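Data block below; observations after.
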Amino acid sequence: MPDALDATPYDALLLLSFGGPEGPDDVVPFLENVTRGRGIPKERLKEVGQHYFLFGGVSPINDQNRALLDALRKDFADHGLDLPVYWGNRNWAPYLTDTLREMVADGRRRVLVLATSAYASYSGCRQYRENLADSLAALEAEGLPLPKIDKLRHYFNHPGFLEPMIDGVLRSLSELPEDVRDGAHIAFTTHSIPVAAADTSGTVEDHGDGGAYVAQHLDVAGLVADAVRERTGVDHPWQLVYQSRSGAPHIPWLEPDICDHLEERHAAGAPAVVMAPIGFVSDHMEVLYDLDTEATAKAGELGLPVRRSATVGADPRFAAAIRELVLERAATESGGAESGGALTPCALGTLGASHDLCPVGCCPARAPRPAAAGADSPYA
């Protein structure tokens, strides 16, 4: 048996994700949850839901979260870490509030949260913290004891997140026809967000042109491209591009869009493109539709060979990275390395390890709302 690792003071890990429909009847109610408060009519939601209906009304994200749960539990058990792992979603079952209620009933009082978003942004970090605050408020209204909640730091530059992506790009390059392989370009893709949200992402000192959101993605793209060059001897041109834009057309969002980029690369004479979705933890609907369906169809129209590399998903190296992040945070919170974690955070690239505690002004919302697990949390 492995030596026991100690995550004290934490007594549970919560996997917090977006959620997704698991059948045709779920699609519109799910989208109503996602867009609540925006006044979007049901008929418009049915139009948006066509992406889901193409796949039987089922988003792959829930099954992928189940696989990640299994990978985390196996890794923890294999390494002697006795820490139960729960799962809650923002927009579909199992709902976050229900999961927190279950955790409280199980006696969990000090909870670490793993969000399935690796980068700093309002939608990728603070909005999850707002959801946590909403759920804690609901438990408080029910008279239940409130657990103390902390959120794991951003893990975009942890080697356990990077290595699977590097392997995915290498595999995609190897699948291209040999005569176009060495000249292939790499399009590193992530979710487009409003320019204003990007500019205010990260800590206040990070705010500016693109903020932490763009800087972190550029750092990851550079790390992956450098690793590919070192392992193949070929220097592939690359660019950070965006996908999955939504919202009013008059509001500026990050560009270029992946389909526009493919047209531009084709016109410039690129012989092939590998699409690498570094902004996503798993192959959920936006990867399956926006890249595997829409962008791949665009490439087919152009006669441009493309391959799409895999996301990290439930790769054992990612599960190991989460264990390391848990122990790192536990050691910091308990004041020493006796928890089995290293006090020196593990991070590659130029940006270093992200902060443990989101400071005031980090990834602000347009309309201020309470957010848990940060310096401005009402639930200290």
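The values are calculated or read from the model by the stated rules, or taken from the named source; none is laboratory data. These numbers were taken from a predicted model, which means no experiment stands behind them. Please note: Cβ atoms are built from the backbone with ideal geometry, for glycine as well, and neighbour counts cover all protein chains shown. Ligands, DNA and RNA are stripped out before the accessible areas are found, and what is left, the full protein with its side chains, is counted by its heavy atoms. Shrake-Rupley method; radii C 1.70, N 1.55, O 1.52, S 1.80 Å.
Observations, loosely collected:
- Within the listed set V48, V195, V274, the Gaussian network model of the chain (springs between alpha-carbon atoms below 10 Å) gives the highest mean-square fluctuation for V48.
- Backbone amide hydrogens, once placed in the peptide plane, bring N89 within less than 5 Å of S17, Y95, L96, excluding anything fewer than 5 places away on its chain.
- Relative to the current alpha-carbon distance between A138 and Q50, full extension at 0.36 nm per residue lengthens the span by 28.4 nm.
- Radius ratio Rg over Rh of region 126-241, counting only Cα atoms, Kirkwood formula for Rh: 1.14
- Spin-label pair A248/R171, simplified geometry with 7 Å Cα→Cβ offset, distance in nm: 4.3
- FRET efficiency, K42 to E301 (Cβ-Cβ, R0 45 Å, nearest 0.05): 0.85
- Region 32-117, relative contact order in percent, only Cα pairs under 8 angstrom and at least six apart counted: 17
- Loop-resident sites, region 67-133, for trypsin sites (Lys or Arg not before Pro), counting at most 10 other Cβ within 10 Å (DSSP): none
- The apolar share of the surface of region 147-255, taken as the fraction of accessible area on carbon and sulfur atoms (1.4 Å probe, ligands and nucleic acids excluded), comes to 52 percent.
- Each residue of region 51-68 was assigned a 3J(HN,Hα) from its phi angle through the Karplus expression (A = 6.51, B = -1.76, C = 1.60, θ = phi - 60°), giving 4, 6, 5, 4, 10, x, x, 10, 7, x, 5, 5, 4, 5, 5, 4, 5, 5 Hz with x at Gly and Pro.
- For region 191-337, the relative contact order comes to 20 percent (Cα pairs under 8 Å, sequence separation of at least 6).
- Accessible area per residue in Å² at 1.4 Å probe, computed on the chain: 42
- Here A268 and R231 are evaluated by their C-beta separation; at R0 = 22 Å the FRET efficiency comes out at 0.30.
- 3J(HN,Hα) from dihedral phi, region 130-146, Karplus parametrisation 6.51/-1.76/1.60, rounded to Hz, x for glycine, proline: 5, 4, 4, 5, 4, 5, 5, 5, 5, 5, 4, 5, 8, x, 8, x, 9
- Here the extension length gained between E102 and A4 equals 32.7 nm, from 0.36 nm per residue of separation less the Cα-Cα distance.
- Crossing angle, helix 258-267 versus the chain [Cα axis fit, 0-90 degrees, rounded to tens]: 20
- When shorter helices are ignored and each DSSP H run of at least 4 residues is given -39500 (n - 2.57), the per-residue value for the chain at 222 nm works out to -12000 deg cm²/dmol.
- Fraction of alpha-carbon pairs over 26 Å apart in region 239-380 - percent: 50
- 3J(HN,Hα) from dihedral phi, region 94-108, Karplus parametrisation 6.51/-1.76/1.60, rounded to Hz, x for glycine, proline: x, 6, 3, 4, 5, 5, 5, 4, 5, 5, 4, 4, 7, x, 7
- Inter-site label distance for A93 and C346 at 7 Å from Cα along Cβ, in nm: 3.7
- Taking region 229-291 and dividing mean pair separation by its residue count, relative contact order in percent (alpha carbons under 8 Å, at least six apart): 27
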